[in-house]
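Visitor: Dropping a structure here in structure tokens format, bear with me for questions.
The values are calculated or read from the model by the stated rules, or taken from the named source; none is laboratory data. None of the values given here were measured: they were computed from a predicted structure. Glycine also receives a Cβ, built like all others from the backbone with ideal geometry; neighbour counts cover every protein chain displayed.
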Amino acid sequence: MSKPLIYLASASPRRRELLAQIGIAHETRPVAVDERIEPGETPTNYVLRLAETKARTLWAHLQDGVEERGRLPVLGADTTVALAGQVFGKPANGDELRDMLGRLGGHTHQVHTAVALMCTHGLRTRLSTSQVTLRTLTAQEIDAYWLTGEPADKAGGYAVQGRAAVFITRIEGSYSGIVGLPLYETWELLAPVLGLNSTGAAA
């Protein structure tokens, strides 16, 4: 395994796969943060705050003298689904999924993914917003989808890269951002800090 260039403050296998896709060796160090939305908080402010909090939380832990490689940059990310300004989190059960996809179906919603990079130079962030349109789903389709196990840990209750692809009629924006890590914005943050060129090699 290549020596890690960054720490990833996430347990998401999808984010790991996307970082590997662009050649960024990393070590996963998930952190637990309070994901409750604050009163009056907009979806974009919410997702930026969580990405920043994840990056800052792990960075602080790594600087306390416990970790030997505490100077590696830390990448935090968070994704949320929003419709008409309302945040859709992860469904806890089939009833919540039925409510979510019942409301999202037949409409175009937004998928916001924020990326935050914390390093010795400070904190920098980027935000990716994409538009996704789902067709109207029947209750039977939603219940069958819940039984696959796929929606349980997904914002908005669906995975664009999974079985839910057959529900999606239109995407406008960043596919990788919808999956969970917008690669263009992530590269913008990482390349100058790591000294990388477009091939992933040191510039």
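Visitor: Using the structure shown, decide if Ser174 is among the small types (Gly, Ala, Ser), in contact with a Pro (Cβ under 7 Å, 6 or more places away or on another chain) and under 19 Å from Ala55 (Cβ atoms).
Guide: No; evaluated as a whole, the condition is false for this residue.
Visitor: Can I ask one more? Evaluate segment 109-121: report whether one residue or more is without any contact (Cβ under 8 Å) to a residue 24 or more places away in the chain and either in contact with a Cys (Cβ under 9 Å, 6 or more places away or on another chain) or of a type in the set (Val, Ile, Thr) (or both).
Guide: no
Visitor: Somewhere in segment 138-146, is a residue modelled with pLDDT of 95 or more, part of a strand (DSSP E or B), of a type in the set (Ser, Thr, Tyr) and buried (at least 16 other Cβ atoms within 10 Å of the Cβ)?
Guide: no
Visitor: I've got another one for you. Can Leu101 be described as touching a Leu at 6+ places or on another chain (Cβ under 6 Å), part of a loop (DSSP other than H, G, I, E, B) and not basic (Lys, Arg)?
Guide: no
Visitor: Related question: Quick one: would you say Thr28 is among the polar types (S, T, N, Q) and more than 25 Å from Leu196 (Cα to Cα)?
Guide: Taking the combined requirement at face value, the residue does not satisfy it.
Visitor: Across segment 11-54, which residue is surrounded by the most Cβ atoms within 10 Å (Cβ to Cβ) among those that are farther than 17 Å from Ile178 by Cβ and acidic (Asp, Glu)?
Guide: The residue in question is Glu52.
So that you can scan it fast, the table gives a plain yes or no per residue for (1) farther than 22 Å from Gly122 by Cα; (2) hydroxyl-bearing (Ser, Thr, Tyr); (3) assigned to a loop (DSSP other than H, G, I, E, B); (4) in contact (Cβ under 8 Å) with a residue 60 or more places away in the chain:
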site	(1), (2), (3), (4)
Ser10	no, yes, yes, yes
Arg15	yes, no, no, yes
Glu27	no, no, no, no
Glu35	yes, no, yes, no
Glu41	yes, no, yes, no
Thr53	no, yes, no, no
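Visitor: If a residue has to be farther than 18 Å from Ser128 by Cβ and surrounded by fewer than 20 Cβ atoms within 10 Å (Cβ to Cβ) to count, how many in segment 147-191 make the cut?
Guide: Looking only at that region, the number is 11.
Visitor: Identify all residues within segment 73-108 that are of a type in the set (Lys, Arg) and out of contact with any helix residue (DSSP H, G or I) (no Cβ under 7 Å at 6 or more places or on another chain); write none if there are none.
Guide: Residue satisfying the conditions is Arg103 alone.
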